[in-house]
Structures are given as C-alpha cells and as structure tokens.
1. Only one of these is away from ligand 4 (no atom under 16 Å from the Cβ), modelled with pLDDT of 95 or more and touching a Ser or Thr at 6+ places or on another chain (Cβ under 8 Å): LEU171, LEU100, LEU104, LEU72. Name it.
2. Just checking, does region 138-159 include any residue being within 28 Å of GLU28 (Cβ to Cβ), touching a residue at least 60 places away in the same chain (Cβ under 8 Å) and in contact with a His (Cβ under 8 Å, 6 or more places away or on another chain)?
3. Answer yes or no: is there a residue in region 147-167 that is more than 16 Å from ligand 3 (Cβ to nearest atom), under 21 Å from SER52 (Cβ atoms), touching a Lys or Arg at 6+ places or on another chain (Cβ under 8 Å) and not small (Gly, Ala, Ser).
4. If you go through region 141-152 one residue at a time, do you hit one that is more than 16 Å from ligand 4 (Cβ to nearest atom) and of a type in the set (S, T, N, Q)?
5. For region 43-66, give me each residue that is closer than 19 Å to VAL164 by Cα, more than 13 Å from ligand 3 (Cβ to nearest atom) and either at pLDDT 95 or above or not small (Gly, Ala, Ser) (or both).
Amino acid sequence: MKERGKLTVYTGPMYADKTTHLIGHAKEAGDNGIVFKPSLDDRFGGGDYIRSHNGEAHQAVLFDAKKPAEILKEIAKLEGISQAIIDEIQFCASDVVTILEKLLVQGLNVIVAGLDLDSEKNWFGSMQEIIEMADKVVNLTADCDGCGGDATLTYSKVPKEGVVAVGAGDLYGAACESCYGGLSKS
Ligand code: ADP
Ligand code: TMP
Ligand code: MG
Ligand code: ZN
C-alpha cells in the first residue's frame with residue numbers, strides 16, 4: 001500500500017496570496033500535478049484557470065462545488081499524478097472532507113487554498129474541519145484597507161445577503177480586527 005499523502009492548507013482572508021502560492025506549487029509540480037477549481041468562481045474572465053488578483057493564472061480542471069467527488073473521477077482518469085491542488089475549497093459541499101481523505105489514502109499530496117472565514121467572520125464551508133485534518137497549515141495575511149497593518153479578515157463593501165457572492169475588489173476588502181467594524185457595510 002502507498003504511504004499516506006500530506007495535506008497542506010493555505011488560508012486567511014482575501015488578497016492574502018493564497019492563489020499565488022497554489023500557482024507556484026502547480027508550476028513546480030508540472031505534469032505530476034493537477035489543479036482544480038469550483039466552476040462557480042468565474043472572476044477575471046473565468047475559464048479553465050485559477051487566477052490571482054494580480055493577473056497570474058494556471059490551467060485548472062473545473063468541477064461542481066456541490067459534487068466534489070468529480071475530483072476523484074478526474075484523477076482516476078490520469079496516471080503519474082502525485083499532487084492534487086485545489087483552489088477556493090471553501091465553496092465545496094461538506095463531502096469534500098471525505099474526498100480529501102480518499103486522495104490522501106491513495107498516496108496523493110494535496111494542497112488546497114480557501115478562506116477560513118466569510119465576510120461575517122463565520123467559518124466558511126468545511127474549512128474548520130479541513131484545517132483540523134491538515135498536516136500543515138499556512139496562515140496568510142493581507143494588507144488592511146484601514147491602517148495598512150496585517151489583515152486577517154475580509155469585509156463586505158456592500159450590504160450582503162447569504163454567504164456566497166463571487167467577486168473581488170468590487171465587493172470585498174481586507175481588514176484587521178480593529179478596522180473591520182468601521183469598514184464593513186454588511
Ligand atoms: P488570494 O487568493 O489570497 O485572494 P491572490 O494570490 O489572488 O490572493 O492575490 C494576492 C495579491 O493581491 C497580492 O499579492 C497583491 O498584489 C494583491 N492585493 C490586492 N489588494 C490587497 C490587499 N488589501 N492586501 C494585500 N494584497 C492585495
Ligand atoms: P479569494 O480568496 O481568492 O480572493 O476568493 C474568495 C472568493 O470567495 C471570492 O469569489 C469572493 C467569495 N466570497 C464569498 O462568496 N463570501 C464571502 O463572505 C467572502 C469573504 C468571499
Ligand atoms: Mg484566490
Ligand atoms: Zn487595520
């Protein structure tokens with residue numbers, strides 16, 4: 001039996017370089033890696049790419065966030081893959097936790113990125129469980145829009161209903177704990 005793979009999680013608020021890190025891993029992995037992204041993220045022109053806020057991109061396989069088992073099916077079609085890289089994992093249905101476990105048991109190293117908290121400071125999707133099961137967690141920060149200090153939170157620039165609203169600087173900014181209350185419009 002193959003040795004269990006390792007799970008690495010990049011997390012933090014928006015603009016914290018999560019996708020930038022994944023693009024770096026994807027380039028390093030080359031043909032040994034495969035990149036996934038939920039199709040509902042159609043920002044910056046969309047398409048079969050993960051895209052960072054500063055315009056970097058890397059080819060990715062799109063999947064339905066409600067059906068993360070599609071990731072397993074896609075990987076089963078391929079040979080020689082040792083690394084699965086998944087962006088925007090906070091959008092995935094809760095069975096993503098089981099899917100990650102299956103990938104790890106298969107011996108794949110899995111690197112994911114996701115928001116730990118939504119703009120109301122609640123855990124986003126299954127991120128708490130994913131962080132708990134990780135071998136390595138990289139907590140990233142952005143620059144606070146209020147004071148320029150370390151931002152650990154994302155605030156909403158417009159009144160918001162529901163948790164999911166795909167967007168970028170039009171909808172969201174980054175804030176530290178002290179500035180969050182003054183910046184949030186939700
Ligand atoms: P994430 O996936 O975490 O949202 P990206 O890797 O897509 O982040 O983009 C990070 C980039 O966004 C930064 O390197 C920077 O160029 C840009 N950026 C825009 N707004 C901010 C901000 N408030 N703080 C830090 N970086 C920002
Ligand atoms: P990013 O972390 O790569 O910047 O992308 C985060 C995505 O999550 C972006 O499309 C906006 C979305 N989002 C929500 O749907 N709800 C939220 O509460 C927050 C903070 C972000
Ligand atoms: Mg991103
Ligand atoms: Zn601040």
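1. The match here is LEU171.
2. yes
3. Scanning region 147-167, I find at least one residue that is more than 16 Å from ligand 3 (Cβ to nearest atom), under 21 Å from SER52 (Cβ atoms), touching a Lys or Arg at 6+ places or on another chain (Cβ under 8 Å) and not small (Gly, Ala, Ser), so the answer is yes.
4. no
5. Listed by number, the residues that qualify are LEU62, PHE63, ASP64, ALA65, LYS66.
The values are calculated or read from the model by the stated rules, or taken from the named source; none is laboratory data. Please read these numbers as outputs of a predicted model, since none were measured by experiment. Every residue, glycine among them, receives a Cβ derived from its backbone with ideal geometry; neighbour counts consider all protein chains shown.
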